[in-house]
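Written below as structure tokens is the structure these notes are about.
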Amino acid sequence: MTWQQRYESSVMNTFGTPAVALVRGEGARVWDTDGKAYLDLFGGIAVNALGHAHPALVQAVTSQLQTLGHVSNLFTSEPQVALAERLVGLFGHDARVFFSNSGSEANEAALKLTRLTGRSHVVAAHGAFHGRTMGSLSLTAKEAYRAPFEPLPGDVSWVPYGDSEALAAAVTDATAAVVLEPLQGEAGVLVPPDGYLVDARRITREHGALLWLDEVQTGIGRTGRWFAHQAVADLEPDIVTLAKGLGGGVPIGATIAGRATAELFSPGNHGTTFGGNPVACAAALAVLDTIEADGLLDHVVRLGKRLSDVVASDPAVVAVRGSGLMIGADLAHEVAPQVVQAGRDAGFLLNATGPSTLRFVPPLVLTDGDVDQFAAAWPGILATADSAGTP
Ligand code: PMP
């Protein structure tokens, strides 16, 4: 039996059968079952912050597992407390952290927290992606994801992303929270106009509503700052949710809330068996330590600029946007899936978020040599895709 046949006869068909089965990785490179190498410009959907098999991550997870692998939340462990302290420090304001295992779960915790304000109305944005569990799905915009599972938890108003006036009109004194991605990831890396988050902060304050920023994709160095919202001076959200890059590939989610908001939870309100697991927390600490020790925030800014320039250098690309190593690109024609396929054939893992939109979210440890390799292949990938996509 081929691995495709084994997959299809054992794994639920929620993703379609993947095109490639991967065996191992190192840095920003992965190898498939045939031994073919790929430069990974997708990073497991913005997860592999330190790339693949990073020694610091391997060491942290290995030694933690050898010492203490799991304890439940009836107990705590040094990595859990140390990680909470670190995240509060990076957040920069008095805050508390709730740990979970994924972005969806980080958002579930945040949504439950907003309910404890005594209000239930939440404002979310068109194009938003906040996860697939029922609560987080209730805040995810895409109709195809939502419709089969309705009724979802209700009382959500939708506003165009980046439109401060629409936001001001939607938020009332009955609004519990406004939830926004600082840059929308799944929508194709959409960057809001300058001042949007400041407006969102002002509008929420005026109505006693919480400002909740979903940094599941944008957080932990992806945009060249610890949190994308830190590009805005003095912005203090009430809730920030994290996952993806935080564990560098080891599943972890975190909900950070300012002290007053965090104190809405009391014992018994919420819980999880695995959240804050010492192995996951040790992994996250290794990610944070490595980002700091290796100066990866500055590196991300520099490499992000280089990669954007390369992506934009071909006339088949009509727009490039983003921040750091979170880059979206619009193509002149609807050939994004063909670009992904031509990329794969040429040894690059790429990602399409729509028929003519690509997203680049590579490991933060991407090197200049990696960018050079991609630059040499990019025009050929686009040319192949263009001819494949023209009937
Ligand atoms: N929020 C955002 C902004 C995301 O990009 C994602 C995942 N793409 C999620 C939440 C959900 O995270 P997870 O898949 O880990 O549940």
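Side notes on the structure shown:
- Per atom type, segment 270-391 shows carbon and sulfur on 54% of its accessible surface, probed at 1.4 Å.
- Residue-averaged 222 nm ellipticity for the chain, from DSSP H runs of 4+ at -39500 (n - 2.57), nearest 500: -11000 deg cm²/dmol
- Charge dipole magnitude, Cβ of K and R +1, D and E -1 - segment 6-129, Cα centre, debye nearest 20: 260 debye
- Highest-fluctuation residue, Ser323, Ser266, Ser100 considered, GNM on the chain with Cα pairs under 10 Å: Ser266
- Taking every DSSP bridge with both residues inside the chain, close to 65 percent are antiparallel.
- Mean accessible surface per residue for the chain, computed with a 1.4 Å probe while every protein chain stays in place, in Å²: 43 Å²
- Cβ charges +1 (Lys, Arg) and -1 (Asp, Glu), total dipole of the chain, debye: 540 debye
- FRET E, pair Thr76, Ala388, Förster distance 56 Å, beta-carbon r, rounded to 0.05: 0.55
- The rule of thumb for compact globular proteins, 2.2 N^0.38 Å, goes into the C-alpha radius of gyration of segment 257-330 1.73 times.
- A crude spin-label estimate for the pair Ala169 and Thr2, with each label 7 Å from Cα along the Cβ direction, gives 5.2 nm.
- Dividing the C-alpha radius of gyration of segment 45-140 by 2.2 N^0.38 Å, with N its residue count, gives 1.33.
- The equivalent ellipsoid of the chain has semi-axes of 33, 26, 21 Å, largest first, where each one is the square root of 5 times an eigenvalue of the Cα gyration tensor.
- Between Asp32 and Lys112, the FRET efficiency from the beta-carbon distance, with R0 = 41 Å, is close to 0.50.
- Gain in span if fully extended, Glu334 to Ala319, counting 0.36 nm per residue against the direct Cα distance: 4.0 nm
- Relative contact order of the chain, defined on C-alpha pairs under 8 angstrom at six or more residues apart (%): 22 percent
- GNM on the chain, alpha-carbon springs under 10 angstrom: the most fluctuating residue among Ala46, Ala110, Ala168 is Ala168.
- For segment 196-266, size of Cβ-based charge dipole, Lys and Arg +1, Asp and Glu -1, in debye: 180 debye
- For segment 261-391, convex hull volume per residue from C-alpha positions, Å³: 174 Å³
- Proximal lysines relative to Lys112, as straight alpha-carbon distance under 25 Å, when same-chain residues fewer than 8 apart are discounted: Lys142, Lys244
- Here is the list for segment 132-190: trypsin sites (Lys or Arg not before Pro) lying in DSSP coil, each with at most 15 other C-beta atoms within 10 angstrom of its C-beta, are Arg132, Lys142.
- Ligands, DNA and RNA excluded, the heavy atoms of Lys305 present near 120 Å² of accessible surface to a 1.4 Å solvent probe.
- Distant-in-sequence amide contacts of His121, defined by a placed amide H-H separation under 5 Å and a gap of 5 or more residues or a different chain, comprise Ala176.
The values are calculated or read from the model by the stated rules, or taken from the named source; none is laboratory data. These numbers come from a predicted model, not from an experiment. Backbone-built Cβ (ideal geometry, glycine too); neighbour counts: all protein chains shown. Accessible surface areas use protein heavy atoms only, side chains included; no ligands, DNA or RNA. Shrake-Rupley method; radii C 1.70, N 1.55, O 1.52, S 1.80 Å.
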